[in-house]
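Just so it is clear, none of the values below were taken in a lab; they were calculated from the coordinates. None of these values were measured; they are calculated from a predicted model. Counting neighbours? That spans all protein chains shown, and the Cβs are built from the backbone with ideal geometry, glycine included.
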Amino acid sequence: MPILEVNNIRKSFGSTEVLKDISFSMEEGQAVSIIGSSGSGKTTLLRCLNFLETPDAGTITVRGEKLFDTADAAGRSDARIAENRLHFGLVFQQFNLFPQYTALQNVMLAPQLAAQKAKIPDDGSILAKARRLLDEMGLSDRMNNYPHQLSGGQQQRVAIARALALSPDILCFDEPTSALDPELTGEVLKVIRALADNNTTMIIVTHEMSFARDVSDKVIFMDQGVIAEQGTPAEIFGDPKEERTKRFLASYTRGAM
Ligand SMILES: Nc1ncnc2c1ncn2[C@@H]1O[C@H](COP(=O)(O)OP(=O)(O)OP(=O)(O)O)[C@@H](O)[C@H]1O
Ligand SMILES: [Mg+2]
């Protein structure tokens, strides 16, 4: 059974249809990259998957459980949306850490709120997990620093640890390195690569084409609100079928690749 099935998602803002019938699926442990030019709808798709936007139509199914279905009004309740969000973690381009909290506190906050809500007593496991995650991100000596005391690459690694803290089924990245200098990009790509090597299920929106080619099991090319082409990295980068995929990739081979 696929871990995620997305079927016929549509989303408009006003009269502009930004997502036009998006369907794809992925298996547990896979890394899927989404590439495409600016404005093609990549962020909007991730926001729909994370229930930060409500699709106008379509279904989102995780491990066989239909989380969202336009036909099901009950699925739109705040409680259901909050529950649905737990299946996904999202790492933003701009980190979005809480400035008033240390790295450790940023990672612990969501699990602490969840434990309080469920009336689960604190047995130290949230702290232990936060420490372990920050350690895995190479930040064991930065746990008590505030965001302003950290480099962009370090802040992004805290954000990744924070996204992992609730053990999401699927971890989503929206251009996780595009706000970083090239030397800091490498350290963040390295931890994402390590997550992929550990079979973390991930969706990565990225402009780093060589990274997408290396790390992904599947690549989705979006153009003007549709999936224009999807396939293995070898198919998409080595032998693209669609004219618009070829054109998009050609604009990169001249620069970034
Ligand atoms: N909240 C919103 N209200 C109105 N229009 C929006 C909103 N969010 C996105 N859009 C529009 O939807 C289209 C797709 O935007 P989106 O951010 O999903 O693109 P993207 O592929 O992530 O682009 P980029 O590579 O620049 O991040 C754009 O035309 C954008 O202006
Ligand atoms: Mg975007």
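Number of residues in the stretch 157-182 that are in contact (Cβ under 8 Å) with a residue 12 or more places away in the chain and either more than 20 Å from Pro111 (Cβ to Cβ) or among the aromatic types (Phe, Trp, Tyr) (or both): the value is 9. When you check Thr54 against the structure, is it more than 28 Å from Leu164 (Cβ to Cβ), surrounded by fewer than 21 Cβ atoms within 10 Å (Cβ to Cβ) and of a type in the set (S, T, N, Q), yes or no? No: the conditions fail for Thr54.
Among the conditions (1) farther than 22 Å from Arg244 by Cα; (2) in a strand (DSSP E or B); (3) of a type in the set (A, V, I, L, M), the only one that Ala71 does not satisfy is (2). Counting only residues that are out of contact with any strand residue (DSSP E or B) (no Cβ under 8 Å at 6 or more places or on another chain) and closer than 21 Å to Gly39 by Cα, the stretch 186-209 holds 1 of them. Among residues of the stretch 115-150 being more than 21 Å from the chain's Cα centre (by Cα) and small (Gly, Ala, Ser), the one that is surrounded by the most Cβ atoms within 10 Å (Cβ to Cβ) is Ala115.
Look through the stretch 94-112, keep the residues that are in a loop (DSSP other than H, G, I, E, B) and buried (at least 17 other Cβ atoms within 10 Å of the Cβ), and return whichever of them is nearest to ligand 1 (Cβ to nearest atom). The extreme case among them is Phe95.
Scanning the stretch 45-65 for residues that are within 16 Å of ligand 2 (Cβ to nearest atom) and either more than 15 Å from Gly89 (Cα to Cα) or assigned to a loop (DSSP other than H, G, I, E, B) (or both) turns up Asn50, Leu52, Glu53. At least 2 residues being under 27 Å from Lys11 (Cβ atoms) and basic (Lys, Arg) is the threshold, and among the helices (runs of 4 or more DSSP H) wholly inside the stretch 155-257 those reaching it are 243-253.
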